[in-house]
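Note sheet for the following structure.
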Amino acid sequence: MQNYLTPNFSFAPMIPERALGSRVWDTEGREYIDLSGGIAVNALGHCHPDLIAALAEQSQKLWHISNIYTTKPAQELAQKLVEHTFADKVFFCNSGAEANEAALKLARKYGRDHFGGHKTEIISCLNSFHGRTLFTVSVGGQPKYSKDYAPLPQGITHVPFNDIAALEAAINENTCAVIIEPIQGESGILPATQEYLQAARRLCDEHGALLILDEVQTGMGHTGKLFAYEHYGITPDIISSAKALGGGFPIGAILTTDKIAPTFGPGTHGSTFGGNPMACAVGSRAFDIINAPETLAHVEKQGQKLQTTLRELGDKTGVFKEVRGMGLLIGCVLADQYKGRASEITAAALKHGLMVLVAGADVVRFAPSLLLNDEDMAEGLKRLEAALTEWLV
Ligand SMILES: Cc1ncc(COP(=O)(O)O)c(C=O)c1O
């Protein structure tokens with residue numbers, strides 16, 4: 001097929017056409033098991049009937065109306081997010097990068113308004129990923145994503161992840177925010193330690209800085225809790241969310257407290273499509289299903305099963321030296337002799353009818369539907385074993 005799109009993506013050699021649950025079919029009619037979940041987006045699998053109904057119903061009522069007005073779906077989704085988290089207020093946008101952009105702008109303005117013009121510095125972690133806008137690639141700790149776009153926004157310091165001493169040394173009275181992914185996603189499904197996030201909370205409090213948790217990938221049930229911060233016994237000041245928040249429909253959000261939210265007074269920030277009624281109606285229905293105790297328990301149970309079987313497969317084939325992550329957000333770290341070859345494995349898996357992801361060059365990532373059933377999991381693992389066996393020859 002002729003490609004009319006800019007070449008910044010390397011598309012797979014098949015074209016998905018339709019999907020249901022954890023199965024996808026391409027334009028040739030070949031079937032795939034999807035354990036990638038559209039990169040942690042399709043939290044309820046593909047074409048969930050309740051989301052189709054929510055979308056269909058809202059599409060008969062109101063598609064777009066602008067932020068001159070609020071709408072019932074936007075208020076309803078915001079209320080659910082507030083009632084089930086630390087937050088009091090929500091700002092809606094359309095993607096993870098936009099959510100982080102909003103979080104960072106909010107933190108800078110909060111620092112300036114409450115402490116003065118010196119309080120603008122942001123601390124972020126090496127190897128972190130926060131999106132592709134100029135601000136978020138600059139805050140992200142992977143220079144390969146920012147180096148071609150200089151001059152970059154200033155006042156950003158990067159410290160090693162999970163290194164309390166480094167954070168302690170970097171934070172000072174000029175720091176307005178520390179931004180951390182509870183599990184570094186794109187760079188290898190690397191969870192923050194309890195001590196690290198707790199120290200980050202303490203250090204932010206000591207220096208009057210805001211703690212922003214980027215929950216774009218870890219949020220909305222993937223770790224077995226609604227948001228990953230709940231595993232850590234801390235309360236952040238701001239979290240960013242996107243990906244699974246819309247169950248496949250584009251939406252992003254930041255959640256924050258009544259103390260901080262007034263910084264975003266009228267006219268200080270905005271988005272034409274943010275809070276779009278279609279996105280919020282789907283997100284609201286997705287929220288109900290994701291946040292149901294039985295869904296979160298299912299994630300926990302299936303996550304354990306998937307991790308255990310992947311560990312067994314790693315031992316049997318020698319391909320994986322470690323399986324890590326939480327719930328159904330899982331990374332398989334390649335054994336030293338296969339370092340740098342994760343994309344060969346995802347390509348081999350695709351040939352065998354399985355969609356999985358890389359997370360950096362050394363990790364194969366799984367972020368399947370939170371509703372993944374035993375049959376699809378078993379079939380996916382069977383195809384993975386066949387792919388690995390062939391790849392090893
Ligand atoms: C932790 C994290 N933050 C931000 C983003 C950017 O989200 P988006 O691609 O929706 O802008 C991603 C995307 O992979 C992510 O994993």
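Going through the cross-link list K72/K243; K105/K301; K144/K316, which pairs have a Cα-Cα distance over 30 Å in this structure? Check vs 30 Å cut-off fails for K105/K301; K144/K316.
Dipole orientation for segment 284-393: of the candidates L371, T389, G353, T389 has the Cα lying most toward the positive pole (charges on Cβ; Lys, Arg +1; Asp, Glu -1). Once both labels are positioned 7 Å from their Cα atoms along Cα-to-Cβ, the gap between E195 and T235 label points is 2.6 nm.
At an R0 of 51 angstrom, the distance between the Cβ atoms of T257 and A361 translates into a FRET efficiency of 0.85.
Taking packing as the residue-averaged number of other Cβ atoms within 10 angstrom, the listed peptides 383-389, 357-363 run from highest to lowest as 357-363, 383-389. Once you reduce segment 19-47 and segment 278-307 to the center of their Cα atoms, the two points are 16 Å from each other.
Once both labels are positioned 7 Å from their Cα atoms along Cα-to-Cβ, the gap between K72 and D205 label points is 4.2 nm. Available extension along the chain between K147 and F115 is 8.4 nm, counting 0.36 nm per residue and deducting the alpha carbon span. Straight Cα distances below 13 angstrom link K89 to the aspartates and glutamates E76, D237, D258, with same-chain residues fewer than 8 positions distant left out. Within a straight-line Cα-Cα reach of under 12 Å, K119 can be paired with the following aspartates and glutamates, leaving aside sequence neighbours fewer than 8 residues apart in one chain: E173. Computed packing ranks the peptides 346-352, 152-158, 137-143 as 137-143, 346-352, 152-158, most packed first, by mean other Cβ atoms within 10 Å. Here the Karplus curve 6.51 cos²θ - 1.76 cosθ + 1.60, taken at θ = phi - 60°, turns the phi angles of segment 130-145 into couplings of 10, x, 10, 6, 4, 5, 6, 6, 6, 6, x, x, 10, x, 4, 8 Hz, with x standing for Gly and Pro. Shape verdict for segment 62-157, please, from the Cα gyration tensor: rounded (a/c under 1.5), prolate (a/b greater than b/c) or oblate. Prolate, because a/c is 1.5 or more and a/b exceeds b/c. Counting other Cβ atoms within 10 Å as a rough exposure proxy, the listed residues T6, T235 run T6, T235 from fewest neighbours to most.
Between helix 96-115 and the chain there is an angle of about 20 degrees, using the helix long axis and the longest principal axis of the Cα atoms. For A335 and N172, the difference between the fully extended length at 0.36 nm per residue and the C-alpha to C-alpha distance is 54.7 nm. If the segment from D88 to A378 were pulled out straight at 0.36 nm per residue, it would be longer than the present Cα-Cα gap by 100.3 nm. Ordered by the number of other Cβ atoms lying within 10 Å of each residue's own Cβ, fewest first, T272, T71 fall into the sequence T272, T71.
The aspartates and glutamates within cross-link reach of K225, meaning a Cα-to-Cα straight distance under 13 Å and a gap of 8 or more places when in the same chain, are E215, E294, E300.
Computed from the coordinates by the stated procedures, all read-outs in this text should not be read as laboratory data. What you see is a predicted model; the values in this text were computed from it and never measured. Heads up, the Cβs are rebuilt from the backbone with ideal geometry, glycines too, and the neighbour counts pull from every protein chain shown.
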